[in-house]
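To keep things clear, I will list the structure first and then write my remarks on it.
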Amino acid sequence: KSKTKNIISNSGAIINVFPNPASGNLNILYITETEGSELKVDVIDLAGRTLTSSTTVLTNGTTPIHVDVSSFAAGSYILRYREVDGVNAGSVKFTKE
């Protein structure tokens with residue numbers, strides 16, 4: 001069964017990560033009232049290695065982000081996100097099938 005994780009940060013930003021487990025693209029919907037800030041997204045394996053990293057400019061409302069995880073081995077990973085000039089940061093665990 002695929003699940004969507006909804007995480008609400010301290011300042012009201014919401015991050016939705018789906019599908020979980022993922023096989024091709026991991027979809028991220030980042031919902032915030034911040035305009036023009038940059039969101040840095042890293043995918044990290046459980047050994048702490050950064051496998052992929054990207055930066056997206058946020059728009060007021062929902063910003064969609066897609067991360068290709070099709071080449072990753074099956075297992076558990078951590079998606080870490082941080083607004084470059086904001087206070088929102090956190091991580092979401094997801095599974096690659």
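Brief remarks on what is shown
- Accessible surface calculations at 1.4 Å, restricted to protein heavy atoms, place segment 38-97 at 53 Å² per residue.
- Correct choice for mean projected area of the Cα convex hull in nm² that was computed from the model, options (1) 8.1; (2) 6.3; (3) 5.6: (3)
- Total charge dipole magnitude, the chain, about the Cα centre, Cβ charges on Lys, Arg, Asp, Glu only, Debye to nearest 20: 460 debye
- Positive-end ranking of 36, 65, 25 along the dipole of the chain, with charges on Cβ about the Cα centre, is headed by 25.
- The chain, accessible surface, carbon-and-sulfur percent (1.4 angstrom probe): 49 percent
The values are calculated or read from the model by the stated rules, or taken from the named source; none is laboratory data. Everything numeric here is computed off the predicted structure, so don't read it as measured data. As a convention, Cβ positions derive from the backbone with ideal geometry for all residues, glycine included, and neighbour counts pool all protein chains shown. Areas reflect the complete protein model, heavy atoms only, side chains present, ligands, DNA and RNA absent. Shrake-Rupley method; radii C 1.70, N 1.55, O 1.52, S 1.80 Å.
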